[in-house]
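Shown next, in structure tokens, is the structure this report addresses.
The values are calculated or read from the model by the stated rules, or taken from the named source; none is laboratory data. Every value quoted in this text rests on a predicted model; they were computed, and no experiment measured them. Cβ placement follows ideal geometry from the backbone for every residue including glycine, while neighbour counts extend to all protein chains displayed. Just so you know, the surface numbers come from the protein's heavy atoms only, side chains and all, with ligands and any DNA or RNA stripped out. Shrake-Rupley method; radii C 1.70, N 1.55, O 1.52, S 1.80 Å.
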Amino acid sequence: MPGELPDGQPVPADGSLPPAALAAVGRQGFGVYVHVPFCASRCGYCDFNTYTAQELGGGVRRETYADSVLAELDLAARVLGDSPPARVDTVFVGGGTPTLLPADDLARILERIDATWGLAPDVEVTTEANPESVTPESLKTLRAAGYTRISLGMQSAAPGVLAVLDRRHTAGRATAAVAEARDAGFDHVNLDLIYGTPGESADDFAASLAAVVAAGVDHVSAYALIVEDGTRLAARMGRGELPYPSDDVAADRYLAAETALGAAGFSWYEVSNWATSAAARCRHNLLYWTGGDWWGLGPGAHSHVGGVRWWNVKHPSAYAARLAAGASPGQGRELLSGADRHTEDVMLRLRLATGLPLAVLDDPGRAAARRAHADGLLDGAAYTAGRAVLTLRGRLLADAVVRDLLP
């Protein structure tokens with residue numbers, strides 16, 4: 001059954017797309033996102049579309065989840081029909097904790113994606129993982145199946161910070177998992193950090209950065225803690241048990257990350273992401289940030305094909321039931337206008353180290369860019385060459401710069 005959200009249009013029961021969208025499939029690359037909504041426990045800061053065993057209720061089993069994903073992949077193949085992508089450039093399995101599924105199931109999903117559309121010879125295949133959810137054996141199985149990249153949720157090396165975030169792994173487990181992934185043959189390994197957690201000291205974050213560098217990864221993502229409504233962390237802050245994050249502290253932590261990672265040979269390529277080389281950058285995320293197409297498989301997953309964006313029903317049982325009935329799991333969709341695409345292009349590309357051409361801005365936007373350049377928020381050499389590229393100070397104020405550049 002098609003569904004509808006207040007800000008979206010209904011999705012046809014068969015998931016069909018407009019001819020104009022089909023004609024544009026993969027012009028700027030094509031990826032596949034697979035959402036795995038299972039977690040062993042819920043972290044206090046998390047508002048993602050994820051479920052513990054207790055939260056799932058009846059009708060959903062991890063053991064049959066891969067079959068539901070493959071059913072949606074079959075539907076996707078029917079929808080794209082005679083207009084398939086030339087190849088799949090990237091695959092990203094996220095969550096949740098994807099590695100709570102058996103490694104053989106993750107291998108089976110990747111194998112079917114290849115059989116459906118064909119993986120590019122240099123395809124990037126990433127899975128997210130919690131450090132405690134992988135073993136040397138499971139990592140070897142994933143690598144043998146074609147996974148090339150793993151992103152491990154470290155968050156912090158400080159036990160007290162992990163406790164506030166309700167993370168289950170010990171402080172040293174993340175770096176141990178990095179070594180296991182390297183031993184299994186993974187080409188690229190990322191560690192995620194969260195900074196600005198209540199109680200985190202400057203020394204705590206410095207220790208986390210030192211541990212990341214010592215682990216030998218080639219990619220680091222570092223994000224300021226965001227307190228989302230409805231989370232356990234938000235409730236604790238609302239009761240006064242914990243202080244709210246400080247913007248000034250977050251800025252200090254970001255500068256510390258830039259200094260430590262830069263000294264270790266990492267370069268930023270997106271405001272919250274650093275890599276040791278161009279090859280180490282996450283190509284799947286770059287696909288998102290540069291307007292490519294992707295099909296999102298799984299409950300709550302978002303997709304974008306040829307200017308049409310849609311999203312699936314959130315609960316795994318509703319998702320599985322729709323597919324079992326032969327219907328699209330899509331809940332709502334929107335056709336992006338030229339203005340929508342322009343807004344998103346500016347918002348996303350300005351966060352990249354490559355920036356965006358000043359020529360894509362309208363007159364008020366170019367005037368705002370001149371002011372940002374004069375204020376030291378845009379790089380001088382890039383500006384002279386006709387591009388808007390954030391300086392370090394500009395990265396700290398990226399959202400404000402974007403707002404000024406857009407009408």
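Within the range 349-357, identify whether any single residue is at pLDDT 95 or above, over 21 Å from the mean Cα position of the chain (by Cα) and open to solvent by 20 Å² or more (accessible area, probe 1.4 Å), and answer yes or no.
Looking through the range 349-357, at least one residue is at pLDDT 95 or above, over 21 Å from the mean Cα position of the chain (by Cα) and open to solvent by 20 Å² or more (accessible area, probe 1.4 Å).
Among the numbered conditions (1) open to solvent by 50 Å² or more (accessible area, probe 1.4 Å); (2) part of a loop (DSSP other than H, G, I, E, B); (3) aliphatic (A, V, I, L, M), tell me where Ala327 comes up short.
(1)
Would it be correct to say that Leu255 is farther than 30 Å from Gly31 by Cβ and either outside any loop (DSSP other than H, G, I, E, B) or not polar (S, T, N, Q) (or both)?
Spelling it out, Leu255 is indeed farther than 30 Å from Gly31 by Cβ and either outside any loop (DSSP other than H, G, I, E, B) or not polar (S, T, N, Q) (or both).
Six or more apart or on different chains, Cβ atoms under 8 Å: show the pairs whose first residue is in the range 223-248 and open to solvent by 50 Å² or more (accessible area, probe 1.4 Å) and whose second is charged (D, E, K, R) and modelled with pLDDT under 95.
Glu228/Asp47; Asp229/Asp47; Gly230/Asp47; Arg232/Arg42; Arg232/Asp166
Would you check if there is a residue in the range 365-380 being at pLDDT 95 or above, surrounded by fewer than 17 Cβ atoms within 10 Å (Cβ to Cβ), acidic (Asp, Glu) and closer than 27 Å to Asp248 by Cβ?
yes
Residue check: is Ala129 surrounded by 22 or more Cβ atoms within 10 Å (Cβ to Cβ), farther than 26 Å from Tyr254 by Cα and touching a strand residue (DSSP E or B) at 6+ places or on another chain (Cβ under 7 Å)?
no
Go through Val32, Val93 for me and flag whichever is in contact with a Phe, Trp or Tyr (Cβ under 7 Å, 6 or more places away or on another chain), farther than 27 Å from Met237 by Cβ, buried (at least 16 other Cβ atoms within 10 Å of the Cβ) and not aromatic (Phe, Trp, Tyr).
Numbers: Val93 fails: in contact with a Phe, Trp or Tyr (Cβ under 7 Å, 6 or more places away or on another chain).
Matching residue, one of Val32, Val93: Val32.
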